[in-house]
Amino acid sequence: MDLSNGYESVSREFLERRGNSSTRANAIGVKEVRKWARRLTPRSSVIDLGCGPGFPITSVLVEEGLQVFAVDAAPSFVAAFQRNLPGIPISCESVLDSRFFDRTFDAVLSVGLIFLLKAEEQHRLIQRFSDILLPGGRLLFTASAMPNVWNDAMTGLESISLGAGEYRKLLRAVGISIAEEYQDVGENHYFDTIKGK
């Protein structure tokens, strides 16, 4: 069973396109993640779920002086991450089954992941976001604002967005409130949220 939602099978192509330091300066999402990271207290603990090879997104967290942890289910991405960001703790496992380093975090980042999961798995992941966030902790994740089903451009596998209304409802149910929503130049929709105290 492929826990990487098809990304292990396309890892070579993905790494060539997006997985090295030369692609990160103007990469989609970098500006938004940097802005979010700068709102966090210095040295805050942050876990990047579905981190890929660490470039371009996880490296922003490291550059901003945060205490970074990472999880990805694709072995090729984890190996690239270890080369790109040596010394940053990473675990090769599904976010649905991860032990998340047996700890809680000040912040959780999940860019380009949730919609790769089935609807019921997305519900579970939102609960898991809440479980690992400290009270007052921040969560930033991306998903289409409109309910939608499409085939992932790289893997060809089905992707599902539950839509902003459903995500807001699911977040509220686990004690997480929306602070802000916005889009980047690639039309990725960001949910910037806070766990209630």
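Sort the stretch 106-186 into rounded, prolate or oblate with this rule: let a ≥ b ≥ c be the square roots of the eigenvalues of the Cα gyration tensor; rounded if a/c is under 1.5, and if a/c is not under 1.5, prolate when a/b is larger than b/c, oblate otherwise. It comes out prolate by the Cα gyration axes.
Split the accessible area of the stretch 132-191 by element, probe 1.4 Å, and carbon with sulfur accounts for 51%.
Round to a whole angstrom and tell me the spacing of the C-alpha centers of the stretch 72-96 and the stretch 35-60. If you average the Cα positions of each part, the centres end up 14 Å apart. Its Cα centre serving as origin, the chain has a Cβ charge dipole (Lys and Arg +1, Asp and Glu -1) of approximately 680 debye. Applying 0.36 nm per residue to the separation of residue 181 and residue 151 and subtracting their alpha-carbon distance, the gain on full extension is 8.4 nm.
Relative to the present Cα-Cα distance, how much length would full extension add between residue 16 and residue 131 at 0.36 nm per residue of separation?
Taking 0.36 nm per residue and subtracting the Cα distance, the gain is 37.9 nm.
Taken along the Cα-to-beta-carbon direction at a fixed 7 Å, the label points for residue 82 and residue 166 span 3.7 nm. Basic side chains Lys and Arg get +1 at the Cβ, acidic Asp and Glu get -1 at the Cβ, and with that the dipole of the stretch 82-144 about its Cα centre reaches some 140 debye.
The values are calculated or read from the model by the stated rules, or taken from the named source; none is laboratory data. Keep in mind that this is a model prediction, so the values were computed, not measured. Every residue, glycine among them, receives a Cβ derived from its backbone with ideal geometry; neighbour counts consider all protein chains shown. SASA here: full protein model, heavy atoms, side chains in, ligands and nucleic acids out. Shrake-Rupley method; radii C 1.70, N 1.55, O 1.52, S 1.80 Å.
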